[in-house]
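Peer 1: Just passing along the structure, written as structure tokens.
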Amino acid sequence: MKRICLILFFLAASAAAFASEPKLISIETSETQMLLYVQENGEVSFYHYGKKFDRPEQISGYRSYRRWDYGTEPPAYPARGGRYFNQAALAVKYSTGELNTELLYEGHSVRNVSDAAVRTVVSLKDSKTDLSVDLYYDAYQKEDVIVTHAEITNGGRKPVVLESYASSAINIHASRYLLTHFYGSWAREMQVKRELLTPGIKSIRSIKGVRTTHTENPSFMLSLDAAEFNENYGEVIAGALAWSGNYSIDFQIDETEMLSVVSGAGTPGADYQLKPGKTFQTPDMIYTFSAEGAGKASRNLHSWARRHYLYDSSMMCPTLLNNWEGTYFKFNEQILKGIIDNVASMGLEMFVLDDGWFGGKDYPRNGSNQGLGDWQIVEEKLPNGVAAIADYAHSKGLKFGIWIEPEMVNPKSRLAQEHPEWIVGEKGRELTTIRTQWLLDMTNPEVQDFVFGVFDSTMQLAEGIDYIKWDCNRHMENVGSEHLGENQSHFWWDYNQGLYSVYRRIREKYPDVIIQSCSSGGGRLDYGALHYCNEAWTSDNTEALSRVFIQYGTNLIYPAIACGSHVSAVPNHQTQNVTPLKFRFDVACSERLGMELQPSDMTGQEKDFARKAIASFKQYRDLVYYGDLYRLCSPYDGDYYALMYVSEDKKRAVVFTYTIRYQGRTLKPSFKLEGLSDDMEYSIRELNVDKSCFWGDGKTFSGSYLKNFGINPEIPKLYSSAVFYLEAR
Ligand code: GLA
């Protein structure tokens, strides 16, 4: 800390005294460092992101020898024009039609923004015009996370057009760049792809407007100098963009084999006109660096997110049953009360009423083809209102949650007839539907009020609504907004800003309600949405084997506390696969546990097992939610998957092991545990079984034994699984 203060003092003093002198700007966390350097001509270069080294000022005389004559060093925030020739973070078109921007150093400041983070702001200004940019870097000391964004100000007298407006650019030099990124679609979110980057530009992006994950997720990991992904060794940079709309993250290897990563909102065509005197604030780009493999990179992101970014992660989302796969649209008060009885008797803590309760008299929601937009109760289903269901759940000691999809409208609805001007689409072109629904124009403040109103009035339907599942079941195609007039290209940006401003209003009025971000499953899984929502619905695919892959990918970047996972019926409704109930529970228990089925279809034996598994989850769930995640192997690389969570003090841990492919009787898995203390002795106990599949069950082992020799549960069959609870003696 002393050293940080000295450096801060040195930097601040030098900033004041020699505004035009070359100088170093060091953005530091406890183990990592980003180094920017102000050149003699005022350009600010990006020199280093990685492990911290001694006396960073040694870098001051550094020459990359990339080019002698021009464009030598990569800028901290590359703008189109000047002497830079790679992918730009900022592209501005001025009112004269001119296209060049050259950002030069104006000054910088460093201050503590909290006990946890130091903020560095670097101010740049164009050499010719009054366009300026402030680069923000919040360095979270303990978690080794740096969160950065840019603020672009038009200080001139005429509007300018921002043609690209990335949040950040970083440059890295390594012999190899192995990119891990995520792709997916409905029911197949967060699939993992690994590839060695080659010269040229690799871009991961979404142009779906309101969805981030049903194409690529706005996040990645980069293993440096490595051809293989490794959990425990090697340098890894992980990044995530906190934005729920269109984005691109571009990886460019140039002719000098340097990699630049430019990340931000917007894709080509989303030009934004910035009026005189206005500032455009880009979303946060989140980075972490680990010198100890991908595992540490995930743990850094998870602990940072839990402590500083997720919406109030101190609120543990209760275990729940959601009626969607149990009843779909076919329910009434009696059916729901029957479910609630079972929910209470199995030991779950909340009942969530999904789609189908609204639409009023005219368009009762008996299918997905009508009712969205008309948020009045369907009396035939719920003659005593939602209140009767909520009160009944409360009377059984349960919390109550309910589903809404406020950004949408079905053509068959009163809303669509009353407010055609609120529907996204261009006049004179066909209004295409997806899942027979249209999108409401969230760029329009009237629509924002309406959406806020839907949330607000839903909260009044009953006393004590504890949880809202906020869905979004289509993406954008044929965009068009009556409200935006000539500024149609603002649509994507303004839509998401509109959404976030509604979220903010909601959070002001309802700070304690738990909100789940859902979008046909995990379509809106990003740190932008999770800043306002407590958790995300990871996927509509509830089948446990598919879930292994989805959850493995998701938890590389996002912590388990923010990811819902439900046990559903077999054959599974999405894949038809049949897996044992124990396997389904063991998979769901490695994130936030829930159920999604008609419990009256379960046998007494199945209910007994569910009771046991739910009770044991409650014992260790604080480890899943707040512990450190260690992946013991990857489902992509073999026949097994195993992971564990360890408490911060290393005194408790839970280990999940699964067989995901049949591998012949002779192969026996063995898992070396991680994250435990060498000096502690741990008792190990298998959960949810009468007879353990591990010879060491009930015994005590040293941490160093468990880490170096490991455990070998006998899980020989496809979909065998075992969960172990470890406690220090
Ligand atoms: C989406 C969600 C599901 C369910 C349905 C209801 O598909 O992802 O969980 O809520 O909508 O229509």
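The values are calculated or read from the model by the stated rules, or taken from the named source; none is laboratory data. All of these numbers come straight from a predicted model, not from anything done at the bench. We place every Cβ from the backbone using ideal geometry, glycine too, and count neighbours over all the protein chains shown. Keep in mind that these areas ignore ligands, DNA and RNA; they rest on the heavy atoms of the full protein, side chains included. Shrake-Rupley method; radii C 1.70, N 1.55, O 1.52, S 1.80 Å.
Peer 1: Going down the table (Lys23/Lys128; Lys330/Lys412; Lys202/Lys275), which pairs top 28 Å between alpha carbons?
Peer 2: Values: Lys23/Lys128 23 Å; Lys330/Lys412 19 Å; Lys202/Lys275 33 Å.
From Lys23/Lys128; Lys330/Lys412; Lys202/Lys275, over 28 Å: Lys202/Lys275.
Peer 1: If you restrict to DSSP beta bridges whose two residues both lie in the range 371-476, what percentage is antiparallel, to the nearest 5? Walk me through the numbers before you get to the answer.
Peer 2: Working: 4 of 8 bridges.
About 50 percent, rounded to the nearest 5.
Peer 1: Quote the FRET efficiency, to the nearest 0.05, computed for Asp649 versus Thr96 with a Förster distance R0 of 51 Å and r equal to the Cβ-Cβ distance.
Peer 2: Numbers: r = 62 Å, r/R0 = 1.22.
Between Asp649 and Thr96 the formula returns 0.25.
Peer 1: Rounded, prolate or oblate: which fits the range 540-698 when a ≥ b ≥ c are the square roots of the eigenvalues of the alpha-carbon gyration tensor, with rounded for a/c under 1.5 and prolate only if a/b beats b/c?
Peer 2: Numbers: a/c = 1.40, a/b = 1.35, b/c = 1.04.
Judged from the Cα gyration tensor, the range 540-698 comes out rounded (a/c under 1.5).
Peer 1: A further question follows. So, taking all protein chains as they sit and a 1.4 Å probe, how much accessible area belongs to Asp362, in Å² rounded to tens?
Peer 2: Roughly 90 Å² of Asp362 is accessible to a 1.4 Å probe.
Peer 1: For the range 146-250, run through the chymotrypsin sites (Phe, Trp or Tyr not before Pro) and keep only the ones in DSSP coil with at most 16 other Cβ atoms within 10 Å of their Cβ.
Peer 2: Passing sites in the range 146-250 are Tyr233.
Peer 1: Right, next: So what's the net charge close to Arg414: Lys and Arg +1, Asp and Glu -1, counting the other residues with Cβ under 9 Å from its Cβ?
Peer 2: -3
Peer 1: To continue, here is another question. At what distance in nm do the modelled label points of Gln273 and Lys330 sit from each other, each positioned 7 Å from its Cα along Cα→Cβ?
Peer 2: Once both label points are built, they end up 5.4 nm from each other.
Peer 1: Which value, in debye to the nearest 20, gives the size of the charge dipole of the range 246-286 about its Cα centre, when Lys and Arg are +1 and Asp and Glu are -1 at the Cβ?
Peer 2: Here the size comes out at about 420 debye.
Peer 1: Which entries of Lys208/Lys361; Lys396/Lys650; Lys612/Lys707; Lys337/Lys650 have Cα-Cα distances beyond 31 Å here?
Peer 2: Details: Lys208/Lys361 33 Å; Lys396/Lys650 36 Å; Lys612/Lys707 29 Å; Lys337/Lys650 42 Å.
Pairs exceeding 31 Å: Lys208/Lys361; Lys396/Lys650; Lys337/Lys650.
Peer 1: Something else: Show that you can apply the helix-only estimate: for the chain, add -39,500 (n - 2.57) for every DSSP H stretch of four or more residues, divide by all residues, and state [θ] at 222 nm to the nearest 500. If you can, show how the numbers build up before the last one.
Peer 2: Working: 13 runs with 151 residues, N = 729.
The helix contribution divided over the chain gives -6500 deg cm²/dmol.
Peer 1: Nothing charged except the Cβ atoms of Lys and Arg (+1) and of Asp and Glu (-1): what's the magnitude of the dipole of the range 423-579 about its Cα centre? Round to the nearest 20 debye.
Peer 2: In total the dipole reaches around 360 debye.
Peer 1: Assign one of three labels to the chain, namely rounded, prolate or oblate, based on the Cα gyration tensor with a ≥ b ≥ c the square roots of its eigenvalues; rounded applies when a/c is under 1.5, prolate when it is not and a/b is larger than b/c, and oblate otherwise. List each step's numbers first, then the result.
Peer 2: Numbers: a/c = 2.10, a/b = 1.22, b/c = 1.72.
In terms of gyration-tensor shape, oblate.
Peer 1: Sort 365-377, 678-690, 417-429, 629-641 by packing, meaning the average of other beta carbons within 10 Å per residue, with the highest value first.
Peer 2: Details: 365-377: 21.3, 678-690: 16.3, 417-429: 14.7, 629-641: 19.0.
For the peptides 365-377, 678-690, 417-429, 629-641, the packing ranking is 365-377, 629-641, 678-690, 417-429.
Peer 1: Still on this model: Take Ser244, Ser395 and sort them by solvent-accessible surface of the protein heavy atoms, 1.4 Å probe, largest at the top.
Peer 2: Ser395, Ser244
Peer 1: With each label point set 7 Å from Cα along the Cα-Cβ vector, what nm distance links Gln619 and Ser114?
Peer 2: It is 3.4 nm.
Peer 1: Now, a different point. Taking only protein heavy atoms into account and a 1.4 Å probe, give the accessible area per residue of the chain in Å².
Peer 2: 37
Peer 1: Return the distance in nm (one decimal) between the two label points of a simple spin-label model at Gln460 and Gln605, each offset 7 Å from Cα along Cα→Cβ.
Peer 2: Reported label-point gap for Gln460 and Gln605 is 5.2 nm.
Peer 1: At R0 = 56 Å, how high is the FRET efficiency between Arg66 and Gln488 if r is their beta carbon distance? Nearest 0.05 is fine.
Peer 2: Efficiency computed from Cβ-Cβ geometry: 0.90.
Peer 1: In what sequence, highest mean first, do 122-129, 467-474 appear when ranked by Cβ atoms within 10 angstrom?
Peer 2: Numbers: 122-129: 20.5, 467-474: 23.5.
In decreasing order of mean packing, 122-129, 467-474 become 467-474, 122-129.
Peer 1: Based on the alpha-carbon gyration tensor of the range 198-288 and its eigenvalue square roots a ≥ b ≥ c, which shape applies: rounded if a/c is under 1.5, prolate if not and a/b is larger than b/c, or oblate?
Peer 2: Working: a/c = 2.05, a/b = 1.74, b/c = 1.18.
Taking the square roots of the gyration eigenvalues as a ≥ b ≥ c, the range 198-288 is prolate.
Peer 1: Taking 0.36 nm per residue of separation and subtracting the Cα-Cα distance, what length does fully extending Gln281 through Asp312 add?
Peer 2: Taking Gln281 through Asp312 to full extension adds about 8.8 nm, to one decimal.
Peer 1: For Arg661 and Trp695, compute 0.36 nm times the residue count separating them, minus their Cα-Cα distance, and round to one decimal in nm.
Peer 2: Numbers: separation 34, 0.36 × 34 = 12.24 nm, distance 2.27 nm.
Length gained, Arg661 through Trp695: 10.0 nm.
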